Amino acid sequence: MNVLNSSGEPTPVPEYMSVLPFEGSFLLTEWKIWFHANWTLSIYFSLVYILAIFSIQMGMKNVEAFSLRRPLILWNLFLAIFSILGTVRSAPELIYTFQTQQSPWYTSTCTR
């Protein structure tokens with residue numbers, strides 16, 4: 001299977017990788033450019049998140065506790081499944097990189 005490069009041309013995928021259908025049309029180079037140009041957004045989102053957490057925490061001080069046992073069980077189940085799928089998806093690339101590259105940490109984090 002092939003993936004599309006920044007000019008929309010198919011690029012072969014290494015044989016150790018399986019490409020899911022939605023990944024075949026993913027324009028990696030364009031997204032890398034966008035994230036490089038907009039990396040500061042992550043700082044703004046983090047600040048908004050921190051403010052929201054502390055604001056909600058202050059607002060909930062005098063409110064009776066909710067019974068969240070079932071939602072938390074479902075949330076943890078979702079996180080476990082998501083983690084397993086993430087590991088299954090990324091492990092072949094990481095194993096291949098560690099077996100074939102001279103500096104696998106650099107290759108796996110800085111060049112992909």
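Structural remarks
- Checking 109, 87 one by one, the residue that is surrounded by 10 or more Cβ atoms within 10 Å (Cβ to Cβ) and among the polar types (S, T, N, Q) is 87 and no other.
- A search for C-beta distances below 6 Å between a residue of the stretch 53-72 that is on the phi > 0 side of the Ramachandran plot and β-branched (Val, Ile, Thr) and any residue that is surrounded by 10 or more Cβ atoms within 10 Å (Cβ to Cβ) and in a helix (DSSP H, G or I), counting only pairs 6+ apart in sequence or on different chains, returns nothing.
- Meets criteria (surrounded by 10 or more Cβ atoms within 10 Å (Cβ to Cβ) and assigned by TED's automatic domain parsing to the domain that holds residue 23) for residue 51: yes
- Filter pass, residue 43 being surrounded by 12 or more Cβ atoms within 10 Å (Cβ to Cβ) and at pLDDT 70 or above: no
- Residues of the stretch 4-40 classified as at pLDDT 90 or above and either in contact with a Gly (Cβ under 7 Å, 6 or more places away or on another chain) or over 25 Å from residue 96 (Cβ atoms) (or both), total: 6
The values are calculated or read from the model by the stated rules, or taken from the named source; none is laboratory data. Nothing here was measured: the structure is a model prediction, and the numbers come from that model. Backbone-built Cβ (ideal geometry, glycine too); neighbour counts: all protein chains shown.
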